[in-house]
Every structure is written in structure tokens, then in C-alpha cells.
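Written below as C-alpha cells is the structure these notes are about.
What follows is calculated from the coordinates using simple rules that are stated; it is not laboratory data. Every value quoted in this text rests on a predicted model; they were computed, and no experiment measured them. FYI the Cβ positions are ideal-geometry reconstructions off the backbone, even for glycines, and counts take in every protein chain you see.
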Amino acid sequence: HHCEKTYRVMLESPVSDDTAEQFAKGVQLHNEKDLTKPAVLEILTPTDVRLTISEGRYHQVKRMFAAVGNHVVGLHRERIGAIELDPDLAPGEYRPLTEEEIASVGLPSR
């Protein structure tokens, strides 16, 4: 079961004008025969973007930006399915998931 994952990505170089269009079509990752599934890129600043993907290949976010000639210097997952990272949690803290959050990622209810 694949669900959407959203990442905040900090880049070494300003994002190219055509990167969002390339990601929407799918990109060719090194050593893989299939293109990535379409992804949504939201540009916050030239080097700070939000990327939403619907699959989870090995180091996919870093490899997607490498495929378009950029380098990821910071990566933070903000959301998986309907589960958003709680901004009030300190690093290492956690909270129980709600039934709706569990269902959103295709897991059986408790």
C-alpha cells in the first residue's frame, strides 16, 4: 500500500525553473529502468521546497534531485498519508496515532 509522503527539502543550488514540470512527469533515477511516479513540487524559496511523492524508493528524494542536477543538504518528512508531524513534539517525542491516521496509511485498526 503506497500513500503520499511530503518532505521539506533544502537544496544546495536554486531549484531550476523546469524541475516541477520534470517531477510531475516522472524522472529517471540512476540504475532504475522505470521513471518515478509523478510528484508535486512546491517552491517555497529558490533553495527550500516541499515535495510530495507517492512511492518510497531507496533515497528517492535525494536521487530525484540528483537526477535534475541538484544536491539535497537538508531533508525533513512532514507528512505520511493523513499523518502530519505534530509541530509541538520535540525531537524524539511521540504521540499515539488516531484511528483515522492509522486507516490513512492502510494499516488495520487496533
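Taking only the Cα atoms of the chain, the radius of gyration and Dmax are 15.1, 45 Å. Comparing 44, 29, 75 in a Gaussian network model of the chain, where Cα atoms under 10 Å apart are tied by springs, the biggest mean-square fluctuation is seen for 44.
Each label point was placed 7 Å from the Cα along the Cα-to-Cβ direction; for residue 84 and residue 103 their separation is 1.9 nm.
Dipole check for segment 5-104: with +1 at the C-beta of Lys and Arg, -1 at the C-beta of Asp and Glu, and the Cα centre as origin, the magnitude is about 420 Debye. Site pair residue 34 and residue 17 shows an inter-label distance of 3.3 nm when each label is modelled 7 Å from Cα along Cα→Cβ. Sparse packing (at most 14 other Cβ atoms within 10 Å of the Cβ) combined with a DSSP loop state is found for the following chymotrypsin sites (Phe, Trp or Tyr not before Pro) in segment 52-110: 58, 94.
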